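The values are calculated or read from the model by the stated rules, or taken from the named source; none is laboratory data. On a predicted model such as this, the values are computed, not experimentally measured, just so you know. For neighbour counting, all protein chains shown are included, and Cβ atoms are generated from backbone atoms with ideal geometry for every residue, glycine included. For accessibility, only protein heavy atoms count, side chains too; no ligands or nucleic acids. Shrake-Rupley method; radii C 1.70, N 1.55, O 1.52, S 1.80 Å.
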Amino acid sequence: MANFFTDNKHLKFHLSHPLMKKIVELKERNFEDYETYDDAPKDFEDALDNFEKVLDIIGEIAGDTIAENAEDVDATGAKVVDNHVEYAEGTKENIEKLKNANLFGLSLPRKYLGLNFPIVPYVMSAEIISRADAGFANIWGLQDCAETIHEFADEEMRQEVLPRFNRDGITAAMDLTEPDSGSDLQSVQLKAHYDEQKGTWMLNGVKRFITNGDADVALVLARSEEGTKDGRGLSLFLYDKKADKMSVRRVENKLGIKGSPTCELVFKDAPAELIGNRKMGLIKYVMALMNSARLGVGAQSVGIAEAAYREALTYAHDREQFGSAIIKFPAVYEMLTDMETKVAAMRSLLYETSRYVDIYKTYQFISEDRKLEKEERQEMKKYQRLADVFTPLTKLFSSEYANQVAYDALQVHGGSGYMKDYPVERIFRDARITNIYEGTSQLQVVAAIRGVGNGTFLNVMNDFSENKVKPELEYLQKMLGKMKDQYEKAVRKVRDMEDDEYWDFHARRLVEMAGNIIIGHLLLADSNRDQEYDKAASLFINKGRSQNIQHYSYINNIGIRELGDFKK
Amino acid sequence: MSFRILVLVKQVPDTRNVGEDAMKADGTVNRGALPAIFNPEDMNALEMALKVKDYHPDTEVIVMTMGPTRAADIIRESMYRGADDGYLLTDRKFAGSDTLATSYTLAAGARKLQPFDVLIAGRQAIDGDTAQVGPQVAEKLKLPQITYAENIEKISKTKITVKRRLDRGVEEVAVKMPVVLTAHSSADPCRPRNAKRLLKFKNARTIGELQNETEDYTNMGNAKSVHKISEWTVDDLDINPENLGLQGSPTKVKKIENVVFKQKDSVKLSESDEDIEKLMKDLITSHVIG
């Protein structure tokens, strides 16, 4: 009888952010569905109530079913039987429950049988499910592929595929990486050729490290332009499992997220349909897909951290040493409070980014039906620019924090945490992938540093510092102001060297400095809205400040000359 | 093949989370102090009905409850999970009913909803724990009954085969329909709420609820697709008022006692082999084990 939505008041808090009203009004387009669909809301309050009620169901399934199955799923994992994936029993039950509750396709429009939810509640569902079982969160989160089909496929394909998500509970996969194309997707080799006789595209080749590789539908990145070598020769295809021309060669044996099958796939004359336009596969569609997948990993990371923190908190209350519960000792309570602060920080950033994505994507869809007004266009561009740099920032911070929180949670357990007797070791193993897949932390820095270079982060800081805060919080705002000055100095120092390699060398430090200030502002805004967050804001900003001082000092001391000492 | 199944449900105080003010001085349950929930075994009953509907989609599942206006909550809960419709029997004259008066009222409601093929109730409710209402309804409707039902094994046009969960095993019973079943907690747990049904039926209301919510009666129920949950009072049922509520309830609570289990005897044992051996022998001779 656990409910992972109702037992976590922070979720409701983020769901009720002031910007949600705008998001819902855009998404529901003046609530025009109300007259046609039984499940459409009549106004903002009604929509918000719908989100809460549906998340309540997801919270219940997560608490009662998915979390209960997590240990077994981790122990059994998925396996290959007759060239296909067989999920662990618990995974099958999880999918069945979610399917029967008509929860798949949460964010698809109602005409494709979805619930037309914005990204924010959808991301929240991923957080909730990840807290229950981070591995299963992948299978849930791959609904992102439906979003990609919705965004880029023609109407015929949309109508053919999208309703199956909600109606049949189909799962999806994004088949991108290959044995020799990991981070560098431009070198993808899987071949697509158009078979004139059969009138269809055919796929031939191998994919590797494919999450949920044996899904009902897959988005496959393939080389459609013979003789090309880079990203411009790649297109995106839809492969349907029903064709039965793709076999699973193996399922990887991983450190964590064992319930999520990571597959090696062989395509042999596999018929597939082209999504959107040729040659746009990597440069447009996969980039969009990756962005939502990164947000998904952000949500997964928050869920993992939430689970880890709760395990540690319970253990620290229960475990007695030296005549008292260990939570009474400064060394332990400091760890717990740091964890709690990090969870608050990553969640705040996650939902801020989700709101940006919501706004610009909704405008994009609206623009399919009518020409946007000038202000609307400007707003769309503004939020898209923000989302472009906030997405890697979210992925970077939340995945690193998830690892730190899981690490500390295990530490709080002492020797017991190292044993299989407690869930924390599983959570610790599951956390480790988050800062690796969908682009390593190092690659998130490459994307996020653009926000440092083009001044987007600085503008955001300036905008945020205009926010009026309660008098008792003004000292924190001032502190953030000083951190901003220091950040600007650091950026100038690195930029003035006019050396790309030096810029890359300090990039992570600069991004982290920016992130600390931005998250500080977000927590300050949370705390301005609800004093519940006063402590998190103050603790985070103080920690961030000391980390930024450290980075600043390091940047000042390690110049171009010192760079040589690092080179291998 | 399709069936018409009536499920009796009850909203009960959550006696699993009992505080100090759970009982009133007169020995009755203080309903106001406890959160109201869907009686757990009634949810098993609902699931049993919905499973039949899974296999025979044209089947109609109707829930019926007796209680105050707020008991409409569990009708909505049932509809979120798949029930087609619900009836609320509500009237001040029903207040204070014991099992006899309750079963009298429910049987009257069920009679009005005839014909049905199967009536399923939870075995017992967690507030009274009598397990009497289901069987009494069956008696009053002159229908065969299968209590402690765990699963409907087979259902055909006229005959149903049900597995019963008994203390020392299971039993399969086949009987002609219509029939009354009472569902045991070992039956499948109820499925989660369905998102689309929830969004559709969250505004389903009884007339009493609409009156409470709306000040302007003229606009009442005009909102789009507000599903109306039927509400039946004494006047809607063919019943004798003398058999209702407190008046129709012969049960009198004589005394209520708070029983706190205290340990009477205790034996201290050491970790020595002799002590453990002695304990084992004692347990075996007293037939606690072995």
Sort through A:211, A:177 and tell me the only one that's under 23 Å from residue A:72 (Cα atoms), open to solvent by 10 Å² or more (accessible area, probe 1.4 Å) and under 23 Å from the mean Cα position of the chain (by Cα). A:211
Scanning segment A:110-127 residue by residue, those in a helix (DSSP H, G or I) and closer than 24 Å to residue A:63 by Cβ turn out to be A:119, A:120, A:121, A:122, A:123, A:124, A:125, A:126, A:127
Would you confirm, using the coordinates I've provided, whether residue A:353 is more than 15 Å from the chain's Cα centre (by Cα) and assigned to a helix (DSSP H, G or I)? no
Out of (1) among the charged types (D, E, K, R); (2) under 15 Å from the mean Cα position of the chain (by Cα); (3) over 30 Å from residue A:183 (Cα atoms), the odd one out for residue A:311 is which? (2)
Taking residue A:544 as the residue in question, decide whether it is open to solvent by 10 Å² or more (accessible area, probe 1.4 Å) and out of contact with any strand residue (DSSP E or B) (no Cβ under 9 Å at 6 or more places or on another chain). no
Does at least one position in segment B:10-23 carry a residue that is without any contact (Cβ under 8 Å) to a residue 60 or more places away in the chain, among the basic types (Lys, Arg) and part of a helix (DSSP H, G or I)? no
Has segment A:147-161 got at least one residue that is surrounded by fewer than 24 Cβ atoms within 10 Å (Cβ to Cβ), more than 14 Å from chain B (Cβ to nearest Cβ) and not in a helix (DSSP H, G or I)? yes
Within the group A:206, A:220, which residue is open to solvent by 10 Å² or more (accessible area, probe 1.4 Å), part of a strand (DSSP E or B) and among the β-branched types (Val, Ile, Thr)? A:206
Please indicate, with yes or no, whether at least one residue in segment B:201-223 is open to solvent by 70 Å² or more (accessible area, probe 1.4 Å) and either modelled with pLDDT of 90 or more or aliphatic (A, V, I, L, M) (or both). yes
What single numbered condition from (1) surrounded by fewer than 21 Cβ atoms within 10 Å (Cβ to Cβ); (2) out of contact with any Phe, Trp or Tyr (no Cβ under 9 Å at 6 or more places or on another chain); (3) assigned to a strand (DSSP E or B) fails to hold for residue A:238? (1)
Scanning for something open to solvent by 10 Å² or more (accessible area, probe 1.4 Å) and within 30 Å of residue A:244 (Cβ to Cβ), does segment A:112-120 turn up at least one residue? yes
Take residue A:144 and tell me if it is under 22 Å from the mean Cα position of the chain (by Cα), open to solvent by 20 Å² or more (accessible area, probe 1.4 Å), under 23 Å from residue A:290 (Cβ atoms) and modelled with pLDDT under 95. no
Residue satisfying all of: in segment B:192-207; at the interface with chain A (Cβ under 7 Å from one of its Cβ atoms) and of a type in the set (A, V, I, L, M, F, W, C); nearest to residue A:63 (Cα to Cα) among these: B:195
Does any residue in segment A:183-200 that is under 14 Å from residue A:222 (Cα atoms) and touching a residue at least 12 places away in the same chain (Cβ under 8 Å) come within less than 7 Å, Cβ to Cβ, of a residue that is part of a loop (DSSP other than H, G, I, E, B) and open to solvent by 90 Å² or more (accessible area, probe 1.4 Å) six or more places away or on a different chain, and which pairs are these? A:187/A:180
Answer from B:46, B:89 - the residue that is closer than 26 Å to residue B:154 by Cα, touching a residue at least 12 places away in the same chain (Cβ under 8 Å), open to solvent by less than 10 Å² (accessible area, probe 1.4 Å) and not charged (D, E, K, R): B:46
Scanning segment A:356-374 residue by residue, those among the charged types (D, E, K, R) and in a helix (DSSP H, G or I) turn out to be A:358, A:361, A:368, A:369, A:374
Near pairs, Cβ below 7 angstrom, 6+ apart or cross-chain, from segment A:241-254 (closer than 16 Å to residue A:179 by Cα and open to solvent by 100 Å² or more (accessible area, probe 1.4 Å)) to any residue that is of a type outside the set (A, V, I, L, M, F, W, C) and outside any helix (DSSP H, G or I): A:249/A:264; A:250/A:264
